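Reading through the structure tokens given below for one structure.
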Amino acid sequence: MFMQSVDILKNAINNTLSMGSQGYEDSLYMENLFNLLELTGDRGEAPFNRHFHTIECRNVWFTYPFSDKPVIKDFSFCFSADKTYGFVGLNGSGKTTLIKLLLGFYTSYQGSILIDGIELRDIDIKQYHTHISAVFQDFVRYPFTVTENIGLGDEALFLTQDGVKTITENEAVYQAAHFSKADEFIRKLPNQYASILGKEWQNGTQISIGQWQKIAVARAAVKKSRIFIFDEPTASIDPI
């Protein structure tokens, strides 16, 4: 009985120390969470002119925190409105980082990013983002209907009914699906645009990653943005 009591005491002390260690580790994550929740997203006061003419990168340098190796090195280029540009480069050459700089996600760059001569850091970032559509490599696959998945790209398409925002099939969703060629497989789904995507819900339909990419492109296209940014949006789409 004495040996058993010692063993129980040892386990109790071990559990107490383990819980204290785990609690301290969790508190570090909570600190990051609260710092994130305190972010307002407000930045810059200059209005964004949706009828802009140029976006110019002038001697842009960027280095990630806790690193001494620049990802973007003295990059200069002038993008003209209503034109299409493509970045081609090896993995790790800075393509995605440059996209995030143009989107205004990072502000700790050296040099200037100018929209019609106005520094991007001085522009109202929320207003700027309302005129941008983007498809990232790690896009989100929502377990919603096809219409909802595409419609999420433009909040204006949703109507509030009894305190709940809903969206029904409309011409904007159809046009976006045609643009991304998603309409071709959507019409073959059991409930077409009303089909629930993913297996999280009952009667959900599983689609391929390439088909998901077409949905993501349609989601970006449904909003009539002035700036479209695509980061390898066809990586899993058939070459044809």
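Here is how the numbers come out for the structure above:
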quantity: Test set (1) outside any strand (DSSP E or B); (2) under 23 Å from Gly86 (Cα atoms); (3) aromatic (Phe, Trp, Tyr) - Trp201 fails condition number; calculated: (2)
quantity: Yes/no for Leu36 being open to solvent by 100 Å² or more (accessible area, probe 1.4 Å) and without any contact (Cβ under 8 Å) to a residue 60 or more places away in the chain; calculated: yes
quantity: Those residues of region 154-180 which are part of a helix (DSSP H, G or I), of a type outside the set (Ser, Thr, Tyr) and crowded, with 17+ Cβ neighbours inside 10 Å, in sequence order; calculated: Leu157, Ala172, Val173, Ala176, Ala177
quantity: Those residues of region 81-132 which are buried (at least 17 other Cβ atoms within 10 Å of the Cβ) and in contact with a Ser or Thr (Cβ under 6 Å, 6 or more places away or on another chain), in sequence order; calculated: Ile132
quantity: Pick from region 41-80, criterion outside any loop (DSSP other than H, G, I, E, B), of a type in the set (Val, Ile, Thr) and out of contact with any Gly (no Cβ under 6 Å at 6 or more places or on another chain), ranking: least open to solvent (accessible area, probe 1.4 Å); calculated: Ile55
quantity: Odd one out for Tyr128 among (1) over 20 Å from the mean Cα position of the chain (by Cα); (2) touching a residue at least 24 places away in the same chain (Cβ under 8 Å); (3) within 27 Å of Glu155 (Cβ to Cβ); calculated: (1)
quantity: Residue in region 18-38 that is in a loop (DSSP other than H, G, I, E, B) and either β-branched (Val, Ile, Thr) or modelled with pLDDT under 85 (or both) present; calculated: yes
quantity: Conditions (1) modelled with pLDDT of 85 or more; (2) farther than 30 Å from Ile115 by Cβ; (3) among the basic types (Lys, Arg): number failed by Arg219; calculated: (2)
quantity: Some residue of region 226-234 being without any contact (Cβ under 8 Å) to a residue 40 or more places away in the chain, open to solvent by 20 Å² or more (accessible area, probe 1.4 Å), out of contact with any strand residue (DSSP E or B) (no Cβ under 7 Å at 6 or more places or on another chain) and not polar (S, T, N, Q); calculated: no
quantity: Filter result (open to solvent by 90 Å² or more (accessible area, probe 1.4 Å) and closer than 15 Å to Gly210 by Cα) within region 181-199; calculated: Lys181, Glu184
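The values are calculated or read from the model by the stated rules, or taken from the named source; none is laboratory data. Predicted model, so just to flag it, every value in this text is computed and none were measured. A quick note on method: Cβ atoms are made from the backbone with ideal geometry, for glycine too, and the neighbour counts reach across all protein chains shown. Side chains included, ligands, DNA and RNA excluded: accessible areas come from the protein's heavy atoms. Shrake-Rupley method; radii C 1.70, N 1.55, O 1.52, S 1.80 Å.
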